[in-house]
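Input: a single structure, listed below in structure tokens.
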Amino acid sequence: PSFYATTPFAVGGYMLCSATLLIANKYAVYKVAAPSFILFSQLMGTAVVVKAFAAMGKIECDALEKEKCMKFLPVALIFLATIFSNMKSLQYANVETFMVFRFSTPIVVSIADYLFLGRKLPNPRSWACLFALLIGAFAYANTDSAFHVKGYTFCAIWYAIFCMDQIYLKHVTNTVRMKSNWGRVFYSNFIASLPLVFTFINDSEEIEALKNISFSAAMAVFFSVALGVGMSYFAWMARSLLSAASFTVVGNVCKVLTIAINVSLWDKHASPFGIGCLMFCLVAAYFYQQAPMRSDSKDSDDTIKSDIEATKTLLPK
């Protein structure tokens, strides 16, 4: 197959966009105290860009259909809740605090993979890697000097929604047939953007912030929208090529880039020992192996062969 349809391309693009988008969102919220508007701009902006390129004949995108809209409505709502709780967490906690929760999610998602998506449980090596992620996160938690109860509360809310997101969206990629990956990008972003119109237009603080927006702040929002387009495309592509647990682990791997950027931009970052704990987590993620499908699986996953995936590490060498 073409390189642009392979796992390395999807994983590489997702890692790059995910790492930089987390920083871009943090900076955009810092420059413009209007998280709902920023999120709306990312989602509607992505939908508009996809449709514009489809109209020019550059890409193929599914047209709006009632049946598909109904199937993607839960996807959009979970997707929206995940991103919104993500951005709210970043308002009240530094990037490292937020990532502590992220590093422990693969354990929960691996079990859910087994219960709902027909995967086998991880092998002993992978279980060791997943628990190493948890140990690293626990060690890091004791070094976070920016402890904030409200921040941790939003992180906990995000945690529950995120795990649901990983499982349900993988199920949708397996069972809802689309003409192209851009169709998934368009449906999820367009439907999710609609409720946000009513959130920021009724928020006097956000409206006031938008009235006083500077050029540099507007560019920060525009940059986050551009990254949002790439993030959405690569996320759906990688999700279709990997198991839910593997996709979650890949999301953790990209955070080393986030740490490097975050340390260089803000004073609120972890100690050297804390950074070491996060690096330990990423090493553990590298040696994780994706669990194969069970023979009695009902959730089709045609893009991955069980006999191959059981013998390979997650990241290509």
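Both radii are taken from the alpha-carbon atoms of region 104-237; with Rh as the Kirkwood radius, Rg/Rh is 1.04. Charges were assigned to the Cβ only: +1 to each Lys and Arg, -1 to each Asp and Glu. The resulting dipole of region 146-255 about its Cα centre is roughly 560 debye.
Between F215 and T6, the modelled label-to-label distance comes to 4.4 nm, taking each label 7 Å out from Cα in the direction of the beta carbon. Here r is the Cβ-Cβ distance between I157 and I207 and R0 is 25 Å; the resulting FRET efficiency, rounded to 0.05, is 0.50.
Each reported figure results from applying straightforward, stated rules to the coordinates on display, with no laboratory input. These figures come from a predicted structure and were not determined experimentally. Positions of Cβ are generated from backbone atoms using ideal geometry, with glycine treated the same way; all protein chains shown enter the neighbour counts.
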